[in-house]
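The next block holds one structure in the form of structure tokens; read it before the comments.
The values are calculated or read from the model by the stated rules, or taken from the named source; none is laboratory data. No experiment lies behind these values; they were computed from the predicted model shown. All Cβ positions, even for glycine, are placed from backbone atoms using ideal geometry, and neighbour counts span all protein chains on display.
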Amino acid sequence: MSNRRSRQSSSAPRISDDQMTDLVNKLRLLLPEICERRRSDKVSASKVLQETCNYIRKLHREVDNLSDRLSQLLDSVDEDSQEAAVIRSLLM
Amino acid sequence: MQPTSTMNEEFLKKWQMGLQMFRPSIDNASVSERKRAIKLSADVAMASLRKGTTCWSRALIQKTATEDNFLVRQMLSGIKEETLINKKLPKVMCHRKIVRRSKKILMRRKSRSAMEEVAAKAKKLVKRKTQGLRNVVPGGEFMSNNVLLIQETLDYIVSLQTQVNVMRSIVDAAEAGIER
């Protein structure tokens with residue numbers, strides 16, 4: 001973010017090819033779509049990075065959605081009811 | 001490298017602890033306040049699994065602390081991560097060996113002018129994508145070293161998967177319990 005940093009890094013590529021390949025392969029193993037689709041060894045690094053970004057955003061949305069559902073559940077349930085007790089035992 | 005059942009259990013315990021702290025306000029709060037409490041507790045629980053050993057978890061704890069300092073302190077009290085709230089994020093690491101090796105490669109490539117353009121374009125594309133990654137991983141803006149960035153990303157993804165799996169199980173179970 002600082003000017004000094006960006007000048008430093010733009011003067012040379014930051015990682016070796018071997019390291020990048022190794023890490024990119026590890027990412028591939030984590031990403032569900034890429035695991036299924038690609039059979040060849042050569043997958044472009046930029047594609048994997050893009051898929052990783054998309055996957056992380058998807059996980060964020062899912063957490064958000066689950067938090068929504070849970071808070072709605074707590075809201076829709078009467079405080080003294082049996083259902084409330086069920087939720088409380090799960091959560092608290 | 002998959003979420004383990006130990007991670008699931010630990011996350012659930014910590015998340016429950018966080019929710020218990022919110023308990024008084026959860027009962028009387030609005031839906032959006034409840035959601036915020038649920039989400040913040042889940043994030044702190046996920047980050048604390050790493051016990052301060054990763055950059056993303058420290059960044060996430062710091063970020064959550066700015067939104068709800070009390071909650072974070074309560075959830076982490078008694079653990080040394082409490083000190084993480086005030087700890088500075090790590091300085092950018094730039095492994096000298098990697099830079100030296102990269103410079104050698106770059107010097108060699110400069111003599112092959114035909115391939116140079118292709119390589120440059122590929123590098124630009126990768127650079128743009130890694131920048132995108134920095135935007136989604138907590139603390140990413142402090143990781144100018146790509147190796148560190150991807151290592152952190154790998155760990156972050158596994159932790160997120162844990163968070164999602166446990167939350168999904170709880171919500172499904174709760175919804176099923178209510179419908180009966």
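The lone criterion from (1) more than 7 Å from every other protein chain (Cβ to nearest Cβ); (2) part of a helix (DSSP H, G or I); (3) under 21 Å from B:Ala42 (Cα atoms) left unmet by B:Ile170 is number (1).
Yes or no, residue by residue, for (1) touching a helix residue (DSSP H, G or I) at 6+ places or on another chain (Cβ under 7 Å); (2) within 17 Å of A:His60 (Cβ to Cβ); (3) crowded, with 17+ Cβ neighbours inside 10 Å; (4) not β-branched (Val, Ile, Thr):
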| position | (1), (2), (3), (4) |
| --- | --- |
| B:Asn145 | no, no, yes, yes |
| B:Leu149 | yes, no, yes, yes |
| B:Glu152 | yes, yes, yes, yes |
| B:Tyr156 | yes, yes, yes, yes |
| B:Ser159 | yes, yes, yes, yes |
| B:Gln163 | yes, yes, yes, yes |
| B:Ala173 | yes, no, no, yes |
| B:Ala176 | no, no, no, yes |
| B:Glu179 | no, no, no, yes |
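The helices (runs of 4 or more DSSP H) falling completely within segment B:1-108 that include 1 or more residues that are modelled with pLDDT under 70 map to B:5-28. Of the numbered criteria (1) at pLDDT 70 or above; (2) under 27 Å from B:Gln16 (Cβ atoms), the one B:Arg128 fails is (2). Applying the criterion of at least 2 residues that are loosely packed, with under 13 Cβ neighbours inside 10 Å and at pLDDT below 65 to the helices (runs of 4 or more DSSP H) found wholly in chain A leaves A:3-10, A:32-37. Residues in segment B:117-143 that are at the interface with chain A (Cβ under 7 Å from one of its Cβ atoms) and over 16 Å from the mean Cα position of the chain (by Cα): B:Lys123, B:Leu125, B:Val126, B:Lys129.
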